[in-house]
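The values are calculated or read from the model by the stated rules, or taken from the named source; none is laboratory data. It should be emphasised that the depicted structure is a prediction, and the values quoted were computed from it without experimental measurement. With ideal geometry, Cβ positions are generated from the backbone for all residues, glycine too; neighbour counts draw on all protein chains shown. Accessible surface is based on the protein model in full, side chains and every heavy atom, while ligands, DNA and RNA are left aside. Shrake-Rupley method; radii C 1.70, N 1.55, O 1.52, S 1.80 Å.
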Amino acid sequence: MKEKDINEIEIPNGLEEEMSDFIDSMDAAESVMAEERRRKGAVRWSYVAGAAATVALLVTFLFRQPAMPEDTFTDPHEAYACVEQTLAAISEKMGNGVQQARRAGDKIDAGTAKIRELYDNKNND
Amino acid sequence: MKQISILIVAMFMAVTAFAQEGKELYNKYSGKEGVSAVYISPTMFEMIKQIPDIELEGESLNIGELIKTFEGMYILNIENGELCSEVEKNVEELVGKGRYKLLMEAMDGGDRVHIYIVQDGDTVTDFLMLAGEAAQGQTDGTVAVISISARMAISELQKLLASAMQ
């Protein structure tokens, strides 16, 4: 087609505006899609950052753990004897507590008996 | 995702922190002046379990069976007035976290005993005893802390209590 023929083609009214609007809308769609792609990328990065922070926290916490102390005994028989003594000490301390509870119980019983005696005497009068 | 991560980290920290309580106290005070410390590890308890039971006549409590439930033991005996009050405060803070429950409290003059346990159903998983004694004629006293990790049936602890009552 010659240039002359092309120039002779009749352009419908408003086509230019329509084309311009179409290009604008395509441009807008492209911007929206680009923004969406960027946002998706950012979300993925936030996941990565979150996971990295979690791992860093766990590692920090693990390294913060107090060191394992060294065993006091190397001979299990000695260790056994120590545990036995410890249990005896615990038992003694518990026994003291129980004795105190018994003494308190006896005092309460004595008090209750006195009140009962007074109550009975009053009723008999 | 963020909430799940936070939850996982928090759970992990909580579980690990619970297992560290006795160890932290031990590490903090062992080696200091006026402090004698004993640690028996889970490995040593495994070796202790291999020792044949010695049954004593007239003993209602079979200590061997009880010891077999133990997984670790920390003992601190403090004869340093300043440290005594510090340790007692530390134990109070530890108990204040709410995991331990008071099993027994006894006060007699200046002497005091607090026994705490952590229970998982019918099993005692942690035993903590804080015993303080006032020194006669002195301001300084002594404090003993015994922390035991175990898988002890509550009935075994009841037996220990029963033997203490005899």
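Around B:GLU71, what is the net charge, scoring Lys/Arg as +1 and Asp/Glu as -1 over all other residues with Cβ under 12 Å from its Cβ?
Numbers: positive: B:LYS49, B:LYS68, B:ARG151; negative: B:GLU46, B:ASP126.
Spelling it out: positives minus negatives among the neighbours equals +1.
With every protein chain in place and a 1.4 angstrom probe, the accessible-area ranking of B:ARG112, A:ARG39, largest first, reads A:ARG39, B:ARG112.
What total accessible area, in Å², is buried where chains A and B meet, using a 1.4 Å probe and rounding to the nearest 100? Display every interim value, and only then the final one.
Numbers: alone 12350 and 10840 Å², together 19400 Å².
The contact between B and A buries close to 3800 Å².
Averaged across B:22-32, how many Cβ atoms of other chains sit within 10 Å of each residue's Cβ atom?
Working: counts 1, 5, 2, 1, 2, 4, 1, 0, 3, 1, 0.
Taking the mean over all residues of the peptide, I get 2.
The peptide list A:81-92, B:92-103, put in order of mean Cβ contacts within 10 Å with the highest first, becomes A:81-92, B:92-103. All other residues whose Cβ lies under 9 angstrom from that of B:VAL143 are scored, Lys and Arg at +1 and Asp and Glu at -1, for a net of -3.
Once you average over the residues of A:48-58, how many Cβ atoms of partner chains fall within 10 Å of each Cβ?
Numbers: counts 0, 0, 5, 2, 0, 4, 7, 2, 0, 6, 5.
Neighbouring Cβ atoms belonging to other protein chains average 3 per residue here.
Peptide B:33-46 has a mean shielding of 4, counted as Cβ atoms of other protein chains within 10 Å of each residue's Cβ.
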